[in-house]
Each structure stands twice: as C-alpha cells, then as structure tokens.
Amino acid sequence: MNLHYYGYFQLLALALAAINYRYLRLWKLGVMLPLMIFTCAIEIIATNIHLFGMTTNWPIYNLYVLVSPVMYFILFWNMLLLNKNGRNIYLAITAISMLFAFYDYFFIEGLFDSYSMVFSMVQHIILSFMILSQLSMEEVSENSILSEPYFWIASGILLFSVVTVVTLGLQPYILKKGIKLFSQNFYRAVMPMVNVVLYSCYSYAFYLCRKHRQRFLPS
Amino acid sequence: MQETPAEVLTIIVAVIFILVAISVFLLVMLIYFNNRKLRSIKERERMKAQFQRTLLETQLEVQEQTMREISQEIHDNIGQVLSLVNLNLKTLSTFDEDKIHKTSDLVHKAINDLRNLSKSLNPENISKQGIIQVLRNELDQLEGSGKFSTSLDVQDEMELPAGKLIILYRMIQEVISNIIRHSGASEISVKIDRNMLVIADNGKGFNNGTPSNGLGLQNLKQRAAAIGAELNIETAPHKGTIVIFNIHESGAEIRSTGR
C-alpha cells in the first residue's frame, strides 16, 4: 500500500484528533474526527486504487467533494457565533452550495467536480475570515490568539483554500496548456505542499485543544 | 499574443504567491493587533488592581486613624474619669463598706478592660510591643474569660513593616472575633512559623463554599493581598477551622529568634 508524503500528515492529524477527541468536543470541534477519518480513507483509497479494483480515482475524489462540505459546514457552524439571521443565511447558503455540488456532479462535470470544489473553497475563505475576525474581536480571551485552536484551523483552511481556488480554478486551462512544475502536473506539484500546511495546522490545533482544556474543565 | 507554458506557469505561481502573501500578511497583522489588545487588557487589569489596592489601603488608614482616636479618647477621657471615681470610692467614708469595695472592684475591672481595649485599638502600641506580645495579651484575655483554652506557639518570629503589621493584626482580631461569635469553639491556638501564621479552633466549622461566607472571606483575602499575603482556610462542618496566612518573602522580613 502506497501513501503520498502528505498522507502522513493527514494520519498524524487523525491520530491527534482521535487521542484528543474528548477535548475536541469541548471546543465544539468533534466533527473533526469523522472529517479526518473520511479524508484519510479517501486519500488511502485514491492512492491505492489498484487494490480496490478501480482504474481511476476521480469517483473517490468526487465523493469527497460531495460529502466533505457537509462536515465543513458543521465545523464552521460550530465555530461561528451567529445570530438568528446569520444562522438562517448560513443554512440557505449551505443548502444552495450542496444543491450546486449535486447538480454539478450529475449534470455538468461528473468526471471531477472542480466547479463545486472551487465554489466550496471560496466559501471556506469567507468563513475563515469570519472566524478570524470573530477571534480578533473577542474581548473575553486572555490568551494570545496563537493559543486558540480556532485560529490554527481557520488559518490552515484559509491558506489551503486560497491556493486551491487558483489551482483548481485554472485546472482545465493548466491541463490544456500542459503546464508542469517540477516535471509533474501543476496540481500534483502544488497541492501536497498546501496539504502539509493544512494538516500541520489541524494537528497543532488538536494539541492546543488538550493543552487549554482547563478553560472548560476544573482539573 | 500567445503565452508560452513557462510564462503561464510564472503568472500562476505569482498569483498564488501574492494571494498567499496577502493571507499571511493578514494573519500576521491579526496576531500583532491581538497581542497589542492583550497587552492593553493586561495593563487595564493591572491598573484596576492597583486602584483597588490603593482604595483598600486608604480605607484601612482611615479605619486605623479612627481607632487611634477612640483609643486616645478612652485613655485620656473615660479612663481618667473612671480612675477618679475609683479614687473617690476608696476615700469615701460610709457605713456600707462591702458595697463600696464591690463597686470599686467593678470600676477597677472597667478601667482594666478599657485600658486593654485602648491598647488593642492603638496602632502605635501594636508596633511598639510587637505582634507576639499583643497576640499573647489578646489570648490571655480570652483565657481569663474562662470560656476558651488558648495557646500561642512561636517558632520563627516574623517582622513586617509597621503598616503591614497592623493590617495583619486587624485580620487576626477579625478571625478571633469570628471564632468567638460563630464557631462555638473551646480551644484556640495560634502558631507563627517563619512567614506563616496559623489560627486554629475546634469549633463547628463551616462549608467553605457557602455564599454567605463569601463577602467576609473576600474582604479578608483582599486585605491579605494588600500586605503580600495569601489567605487559606481549611474547614468543614463539625471539623473545626484552620486559617492560614502565608506571607510572601517580599512582604515580610524573617528574623529567626529560636524557641
């Protein structure tokens, strides 16, 4: 069984999420464990398609594009402090984006739903900014923002999404032009690096959840 | 004009780099402003604590001044009057000598009680005699009432600046007063060991978490903090009470005097 180098960072994040699950729940980040399990499963299957009798890994990644946004929306829902109107708008946008993802899969692209992914990443950028601004405006926090798990999760998602939007948004053009970086497909050259950043941020955030548990627990 | 793949690659990498740089810059700015906000919150907290400490010190100063005046009044005025009454009683020639003796004894007791009260109220007296002596007097008086058995164990005497010493002594008085009024104790022991002062009783104790105890304890803790001391209370219903004052090294100079 093969694994890309960034796969080890995903597994590390999964291990830390499992070990610190109790503390993750205290921080309302419980959804990170199923998300990490799902991500790692997708990555392992997609990297070893021959073991599962498949010829291409597009369907696997399409499954990720369809399912992971739900988990991310739960994650952002838990992290954001929204009022009633905000919650309604959030739910409406979530519903529209899910409908678009399904419509894209069944009627527009099908092979690899890059439009859905780009749309989802744009939302992630906006939501990450909202979380970061929420953190910056918090009056009650006595700790540095660097010790906030939400900061690391939002920062990781922001950096990942910014790169992914450009890379995936230009993917058809890049493929058409045959643009390569380090002698390989541009997407394959760039995405592992941002994956490392994303899952390193997650791992550190999970560690911080445990470290700052005293905020919620008496001992 | 048709760009070559190398040119397109450069543009894409540049766009990604610029976007990532903007994101990183925003994150760095966020960290910077958050740290600045944190520093200003801490400064605000520090100033608030400083203000509260100053307020408390002023209150205590006013209280001490009032006590000093009362003490002076007792000593100079009421005490003198009673002494005069006692003298008159002794020189009075009358047929009921037994009654005169009893009255004279009562007046004498009143003079002694007033003298002790005057001493305990007078801050100069506390500084002059030292905390050990005034504590010993206080406990002797309690012992003399016949209601309490007391002990004072001094291992290492503590030396505090006069202002802090008086605040500490007032806190001890308050603790002892609480024991007398609320605990139903028969034994009171005081132990001084280096920078630690412990007052224990065998009374009915109390539930430390009860809100009704909160204000008095909070007040004691604030006063303790004002002299660089920490107050801890170990108690439980029917288990007696131990009040511990831990004076930090910065707040007290320790002088070893042996036993």
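Readers should treat all values here as calculations from the given coordinates under stated rules, not as data from a laboratory. Everything quoted here is computed from the prediction, not taken from an experiment. Ideal geometry is used to build each Cβ from the backbone, glycine not excepted, and the neighbour counts take in all protein chains shown.
So how do B:L139, A:L158, A:L66 line up by other beta-carbon neighbours within 10 Å, fewest first?
A:L66, B:L139, A:L158
Report, in degrees rounded to the nearest 10, the 0 to 90 angle that the Cα long axis of helix A:5-19 makes with the longest principal axis of chain A.
Between the helix axis and the principal axis of chain A, the angle is about 30 degrees.
For chain A, set up a Gaussian network in which alpha carbons nearer than 10 Å are linked by springs, and say which option among A:S136, A:S114, A:S128 fluctuates the most.
A:S136
Alpha carbons only, please: Rg and Dmax for region B:131-259, in angstrom.
Values for region B:131-259 (Cα only, Rg and Dmax): 14.2, 41 Å.
Treating region A:34-83 as a set of equal point scatterers at the Cα positions, no solvent, please give the Debye-formula log₁₀ I(q)/I(0) at q = 0.14, 0.17, 0.18, 0.26 Å⁻¹.
-0.43, -0.56, -0.60, -0.94
In deg cm²/dmol and to the nearest 500, what is the mean residue ellipticity at 222 nm of the protein assembly as shown if only DSSP H runs of at least 4 residues count, each as -39500 (n - 2.57), divided by the residue total?
Only helices count here, giving -22500 deg cm²/dmol.
Aspartates and glutamates near A:K177 by alpha-carbon distance under 15 Å, same-chain residues fewer than 8 away left out - which ones?
Qualifying aspartates and glutamates at Cα under 15 Å: B:E3, B:E7.
Can you give the relative contact order of region A:5-215 as a percent, counting alpha carbon pairs under 8 Å and 6+ residues apart?
Values: 205 pairs, mean separation 57.4, N = 211.
27 percent.
Please compute, for peptide A:190-197, the average count of beta-carbon atoms on other protein chains lying within 10 Å of each residue's beta-carbon.
Other-chain Cβ atoms within 10 Å of each residue's Cβ, averaged: 1.
What list of ³J(HN,Hα) values in whole Hz, one per residue of region B:83-92 in order, does the Karplus curve 6.51 cos²θ - 1.76 cosθ + 1.60 (θ = phi - 60°) give from phi, with Gly and Pro shown as x?
Working through the residues one at a time gives 4, 5, 4, 4, 4, 4, 4, 5, 8, 6 Hz.
Under a straight-distance cross-link criterion of Cα-Cα below 19 Å, which aspartates and glutamates are reachable from A:K211, leaving out those fewer than 8 residues away in the same chain?
Partners within reach: A:E142, A:E148.
Given a cut-off of under 8 Å on Cα pairs at least six residues apart, what relative contact order in percent is computed for region B:131-259? Write out the running numbers ahead of the final one.
Working: 225 pairs, mean separation 36.9, N = 129.
About 29 percent, as a whole number.
Remind me, what semi-axes does region A:5-215 give for its equivalent ellipsoid, largest first in whole Å, using sqrt of 5 times each Cα gyration tensor eigenvalue?
29, 20, 17
From largest to smallest, what semi-axes in whole angstrom does region B:123-171 give when each is the square root of 5 times an eigenvalue of its alpha carbon gyration tensor?
Each semi-axis is √(5λ); the values are 21, 12, 8 Å.
Enumerate the lysines that B:K37 could reach by cross-link, defined here as Cα to Cα under 19 Å, with residues fewer than 8 away along the same chain left out.
B:K48
How far is helix A:84-103 tilted, in degrees, relative to the longest principal axis of the Cα atoms in chain A, given as a value from 0 to 90 rounded to the nearest 10?
20
Could you calculate the contour length gain from B:T103 to B:N208, that is, 0.36 nm times the residue separation minus the distance between their Cα atoms, to one decimal place in nm?
Result for the pair: 33.2 nm of gain on full extension.
Using the Karplus equation 6.51 cos²θ - 1.76 cosθ + 1.60 (θ = phi - 60°), what ³J(HN,Hα) coupling, rounded to whole Hz, does each residue of region B:164-176 give in order, writing x for Gly and Pro?
Each residue's phi maps through the Karplus curve to give 5, 4, 5, 4, 4, 5, 5, 5, 4, 4, 5, 4, 5 Hz.
Tell me, what is the FRET efficiency for A:A18 and A:W58 to the nearest 0.05, using R0 = 25 angstrom and their Cβ-Cβ distance as r?
Numbers: r = 29 Å, r/R0 = 1.16.
It comes out at approximately 0.30.
Taking Cα centroids, how far is region A:160-219 from region A:2-44 in Å?
Between the Cα centres of region A:160-219 and region A:2-44 lies a distance of 14 Å.
Counting DSSP beta bridges in chain B, what percent are antiparallel, to the nearest 5?
Percentage antiparallel, nearest 5: 80.
Tell me, what is the Rg over Rh of the protein assembly as shown, with Rh the Kirkwood radius over Cα pairs?
Here Rg/Rh amounts to 1.29.
Using the count of nearby Cβ atoms within 10 Å as a rough guide to exposure, how do B:R36, B:R68 rank from fewest to most?
Fewest to most other Cβ atoms nearby, the residues stand as B:R36, B:R68.
If you only keep lysine pairs separated by 8 or more in sequence, or across chains, how many in region B:131-259 come under 27 Å at the Cα atoms?
Here the count comes out as 11.
What is the mean number of Cβ atoms from other protein chains located within 10 Å of the Cβ atom of each residue in peptide A:156-162, rounded to a whole number? Let's see the in-between values first.
Values: counts 0, 0, 5, 5, 0, 2, 7.
Mean number of neighbouring Cβ atoms from other chains: 3.
Looking at the protein assembly as shown, what % of its DSSP beta bridges pair antiparallel, to the nearest 5?
Among the beta bridges of the protein assembly as shown, antiparallel pairing accounts for roughly 80 percent.
Can you give the extra length, in nm with one decimal, that the chain gains between B:F33 and B:N232 once fully stretched, where that is 0.36 nm per residue apart less the Cα-Cα distance?
Values: separation 199, 0.36 × 199 = 71.64 nm, distance 3.88 nm.
Separation in residues times 0.36 nm, less the Cα-Cα distance, equals 67.8 nm.
Shielding of B:11-20 by partners, i.e. mean partner chain Cβ atoms within 10 Å per residue?
Partner-chain Cβ atoms within 10 Å, mean over residues of B:11-20: 5.
How tilted is helix A:32-47 with respect to the longest principal axis of chain A? Cα atoms for both, answer in degrees (0 to 90, nearest 10).
Approximately 20 degrees, to the nearest 10.
Long-range amide H contacts for A:L181: which residues qualify at under 5 Å (H placed 1.01 Å from N, peptide plane, sequence gap of 5 or more or a different chain)?
Those qualifying (amide H under 5 Å, at least 5 residues apart or on another chain) are A:F186.
Trypsin sites (Lys or Arg not before Pro), restricted to region A:1-94: which are DSSP loop and have at most 16 other Cβ atoms within 10 Å? Spell out each step's value before the answer.
Values: sites: A:R22, A:R25, A:K28, A:K84, A:R87; in loops: A:K28.
Sites meeting the loop and neighbour criteria: A:K28.
Highest mean first, how do A:196-205, A:97-106 rank when packing is the count of other Cβ atoms within 10 Å averaged over residues?
A:196-205, A:97-106
Nearest 20 debye, what's the magnitude of the dipole of region B:131-259 about its Cα centre given +1 on Lys and Arg Cβ and -1 on Asp and Glu Cβ?
I would put it at about 340 debye.
Would you kindly calculate the translational diffusion coefficient of region B:36-193, applying Stokes-Einstein with the Kirkwood radius from alpha carbon pairs, for 25 °C and a viscosity of 0.890 mPa s, and quote it in µm² s⁻¹ without decimals?
On the way: Rh = 18.9 Å.
Result for D is 130 µm²/s.
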